[in-house]
Amino acid sequence: MKIITSCSARPLSGKVFVPGDKSISHRALLVSALSAGETCISGLLESDDVMVTIRAIQALGSPVCRENNGVWRVFGSGLGALKEPRDILDMGNSGTAARLLFGILATHSITATLTGDNSLRARPMERIMSPLRKFGANFLGAERGSLPLTIVGAASSVPIEYKLPIASAQVKSAILLAALNTPGKTVVIEPIPSRDHTERLLRHFGVEIDVEEISSGGRYISVVGERELKGNDIRVPADISSAAFLIVAALLVPGSTLHLPQVGFNPLRIGLVETLRDMGAKILEYDSADINGEPVMDISLEATPLVGVEVPIERASSMIDEYPILAVAAACASGTTVMRGISELRLKESDRISAMTRGLRVCGVKVREAQDSLTVYGTGESPRGGATIDAENDHRVAMAFLVLGMVSQEPITVTGAETIKTSFPKFVDEMNALGADLRI
Ligand code: S3P
């Protein structure tokens, strides 16, 4: 087991190239596998979660190789041409990989069994099983509604119209991916817009996908299936969800200044930046660009005292993975921060509401937990720290407490820190190079 202790940091300073976006990396690989011809992907996140997707598409018949310059080449099988895998597909810790892959398999006439680690085997799959059954797919071993599960893909799928009962980009994406190998028009209606990387990437691969805003604030998304996807090169932007740990660390450690080039700045992902600005953070944007349909931004930041805020509920889906690190920022702010409408956090790699509550309390922070909210009472003083926290198979919980250790009065130790490899394998080295004192 990996144990990391985070001691007081020196001011963090420098320029950091944040690793590639995890959501876009999974999608880039999966969509390439469904395309005819070759796709080159640069900036792919090379982490455990993404390796799971690479192994899965290889097992389904798409060769993948890495070149010396770090570019990944995928030789797509083409739509409808996936091979039945010869073994169980182990999806490790990755909910995105498992749920999106089920979407693809649902409309291919093959049978496959997916499993995962302890954390993934505890996560709900019914949310994708229910729409995918409507396409004609079948699931075996489905009584518990979680992995391991065998999917029997539909031999001749039918298009569906589905209104998402929850805001989930994974469920939406599973449906859109299933729609690609289905004749006719599939429609997904989302009540609250969630990250739209699948829609943007499909357009980049020549798919006609129609997105309309609806008066309730949601979106009506439609796609006509059985159109060939053309392999197209992809550059993956830096992951705002990984940048989040650097951003909060730089805001909290006095005297810090950081520069983060080309960070993915998709409007449906930047809720944390908006919230930190509401808390008084100085986050400057100074150069924007568009890479394969995704906005990116150069940002720079400097340490700023933060104040507690009430996070607007409607912002939850644009910062869903950032609540653990926001809770750390809130613990160091003056005043109370209220995060509501976040019950989905209980279904992530860990139950993040209770993991953050437990961890912050043992570090001396006052916290109130409810089924769908978390309230953190900041005093403006550095939290005491001096505790050992179990990462609970959750990379974001591990990194959040290591950031807290940089500014707490006494060091914080995180056990089970190997989970950080799922999204940010070089976290410790990058942080230490900037001025942190993380000891393995
Ligand atoms: C993701 C969507 C979000 C997010 C997850 C990645 C994606 O989950 O929490 O880390 O890549 O689509 P939900 O779809 O469950 O909201």
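The values are calculated or read from the model by the stated rules, or taken from the named source; none is laboratory data. Since the structure is predicted, the reported quantities are computational estimates derived from the model, not experimental observations. Please note: Cβ atoms are built from the backbone with ideal geometry, for glycine as well, and neighbour counts cover all protein chains shown. SASA here: full protein model, heavy atoms, side chains in, ligands and nucleic acids out. Shrake-Rupley method; radii C 1.70, N 1.55, O 1.52, S 1.80 Å.
What the table shows:
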{"item": "Odd one out for residue 269 among (1) within 14 Å of the ligand (Cβ to nearest atom); (2) part of a strand (DSSP E or B)", "result": "(2)"}
{"item": "When residues of the range 253-290 are limited to those that are open to solvent by 20 Å² or more (accessible area, probe 1.4 Å) and of a type in the set (Ser, Thr, Tyr), the one nearest to residue 405 (Cα to Cα)", "result": "257"}
{"item": "The listed residue being more than 14 Å from the ligand (Cβ to nearest atom), of a type in the set (Asp, Glu) and at pLDDT 95 or above, out of 126, 161, 190", "result": "161"}
{"item": "Scan of the range 64-94 for residues that are in contact with a Ser or Thr (Cβ under 9 Å, 6 or more places away or on another chain), open to solvent by 40 Å² or more (accessible area, probe 1.4 Å), over 16 Å from residue 230 (Cβ atoms) and free of Cβ contacts under 8 Å to residues at least 60 places away in the same chain, ordered by number", "result": "69, 83, 84, 87, 90"}
{"item": "Filter result for residue 173 (within 25 Å of the chain's Cα centre (by Cα) and either within 13 Å of the ligand (Cβ to nearest atom) or at pLDDT 95 or above (or both))", "result": "yes"}
{"item": "Residue match in the range 319-336 (condition: open to solvent by 50 Å² or more (accessible area, probe 1.4 Å) and of a type outside the set (A, V, I, L, M))", "result": "yes"}
{"item": "The range 304-318, subset in a strand (DSSP E or B) and open to solvent by 10 Å² or more (accessible area, probe 1.4 Å), residue farthest from the ligand (Cβ to nearest atom)", "result": "307"}
{"item": "Filter result for residue 364 (more than 16 Å from the ligand (Cβ to nearest atom) and not in a helix (DSSP H, G or I))", "result": "yes"}
{"item": "Single residue of the range 106-123 satisfying the filter (crowded, with 22+ Cβ neighbours inside 10 Å and within 16 Å of the ligand (Cβ to nearest atom)) that is farthest from residue 56 (Cα to Cα)", "result": "120"}
{"item": "Single residue of 45, 60, 34 found to be at negative phi and within 16 Å of the ligand (Cβ to nearest atom)", "result": "45"}
{"item": "Test: residue 301 is more than 30 Å from residue 39 (Cα to Cα), in a strand (DSSP E or B), open to solvent by less than 10 Å² (accessible area, probe 1.4 Å) and more than 16 Å from the ligand (Cβ to nearest atom)", "result": "yes"}
{"item": "Near pairs, Cβ below 6 angstrom, 6+ apart or cross-chain, from the range 277-291 (touching a residue at least 40 places away in the same chain (Cβ under 8 Å) and under 15 Å from residue 240 (Cα atoms)) to any residue that is surrounded by 14 or more Cβ atoms within 10 Å (Cβ to Cβ) and among the charged types (D, E, K, R)", "result": "291/235"}
